Amino acid sequence: MKIKIVSFLLVLLFSSGCYAASGWIEVPPLYWGGSNSIAIQSAIDTLAAQGGGTVKLSGLHRISNSIVLKSHVNIIGAGGGILSASGISMAGDISGTVILPMFSGFPVFTNDTGTHIHNFELRNFSIDYSKVTSNLPSSNTNDIGFKFTSKLVDNFRIENVVIKNAYHAYWDNSASWMSVINRVWTRNCRNGFYKIYGTTFTFSNCYAEGSKNAVYDQKGWHIESTYASSLLNCASDKFYSPSSVYLLNNKGLSVIGFDAEYNQSSSGKVISESGNTGLTMMGVTYVN
C-alpha cells in the first residue's frame with residue numbers, strides 16, 4: 001500500500017511539471033496562458049500530508065482561484081517581482097516572483113475556515129491585480145491578497161511581499177496570535193491592512209501606499225479589537241478618505257515610529273482612534 005501511495009504522489013507532482021525533493025517542491029513558472037493554481041495547490045497538499053515543507057516559486061505564476069494554505073507549509077519566492085511596463089510577461093521581464101490573478105473575484109491566499117492552520121511562512125514575492133483592474137485600485141471586494149477568516153489561524157509570518165491594486169491587501173479577522181507581518185508593501189490598493197481580533201500580533205516595517213485621488217474612502221490601516229499588538233516603524237501615504245488610519249477598541253496596542261504623508265482626510269484626522277485602552281503612540285509624524 002505504501003508503494004502505491006508514493007508512486008501516485010510522484011506521478012501527480014511530475015505530471016504537473018513540479019520538481020520534488022525531500023522537504024520541498026519547486027513549482028515552475030507559467031509565462032504564457034493557463035493557470036498554475038492546481039500545481040501550487042497540489043504541492044501544498046502533498047507537503048501537508050507529509051508533515052510540512054516548503055513550496056518554492058520563481059518567475060510568473062498565473063492563478064485562477066484561491067490558494068488554500070496548510071499548517072507547516074511555507075511558500076517562498078525569489079523576491080518581489082516586477083512586470084514589464086508593456087505588460088508582456090516573459091522570463092526576461094520578471095525579476096523575482098509574481099503571482100498574477102487571471103481575473104477579479106477571489107483572494108490569492110486564504111485558509112480553510114473549518115481547519116486550524118498554524119506555523120507557516122509566506123515570503124519573497126509579489127501579488128499583482130493590476131492586469132485585471134486596469135492599474136486602478138480594485139472595486140471588487142473579493143480581490144484580496146491575503147484573507148484569513150474564522151478563529152483558526154495563528155503562529156505565522158508574512159515577509160518581503162508586495163501587493164498591487166487589490167481591494168484589500170491584507171484582511172484578517174481570524175483572532176490570530178503570535179504572528180508577524182514584516183516588510184509588506186501595499187501599492188495602489190483601495191485598503192492596506194485590516195486586522196480585527198487577535199493578540200500578540202505585530203506589523204513591522206510595513207508600508208500602505210494608496211492612490212490618493214483615484215478613488216474615495218481608502219484606508220491605509222484598520223486595527224480593531226486586538227490585545228497586546230504592535231505597529232512598529234510603519235507608514236500610511238496617499239489615501240483619500242475620512243481618515244487614513246483607524247484604531248478602534250484595542251487593548252494594549254503600541255504604535256511606535258509611524259509616518260503618514262500626503263493623505264487627504266475629509267474629517268481632518270489622519271488617525272482616527274476611539275475606545276482604546278492602554279494605547280501607546282510614540283514617534284508618530286504627519287505631513288499632508
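May I ask you to derive the FRET efficiency for Leu279 and Ser64 from their Cβ-Cβ distance with R0 = 45 Å, giving the value to the nearest 0.05? Computed FRET efficiency for Leu279 and Ser64 comes out at 0.60. With a Förster radius of 25 Å applied to the beta-carbon distance between Ser139 and Met102, the computed FRET efficiency rounds to 0.90. For the residue pairs Lys131/Lys219; Lys147/Lys219; Lys195/Lys219; Lys164/Lys219; Lys151/Lys195; Lys70/Lys164, alpha carbon separations beyond 20 Å are given by Lys131/Lys219; Lys70/Lys164.
The length gained on full extension between Lys151 and Met178, counted as 0.36 nm times the residue separation minus their Cα-Cα distance, comes to 8.4 nm. Peptide packing for 164-174, 69-79 was compared via the average number of neighbouring C-beta atoms within 10 Å per residue; ordered from the highest value, the list is 164-174, 69-79. Rg and Dmax, both from the Cα atoms of the stretch 120-162 and both in Å, are 12.8, 36.
Fully extending the segment from Ile256 to His72 would add 63.1 nm, taking 0.36 nm per residue of separation and subtracting the current Cα-Cα distance. In this rough spin-label picture, where each label sits 7 Å from Cα along the Cβ direction, the Asn119-Thr199 distance is 2.1 nm.
Distance between the 7 Å Cα→Cβ label points at Ile38 and Asn233: 4.5 nm. For the stretch 155-288, the gyration tensor built on C-alpha atoms gives an oblate shape. Its axis ratio a/c (a ≥ b ≥ c) is at least 1.5, and a/b is not larger than b/c.
Every read-out reported here was derived from the displayed coordinates using simple, explicitly stated rules and does not represent laboratory data. As the structure is a prediction and not an experimental result, all values here were calculated from the model. Note that we place each Cβ from the backbone using ideal geometry, even for glycine, and neighbour counts take in every protein chain shown.
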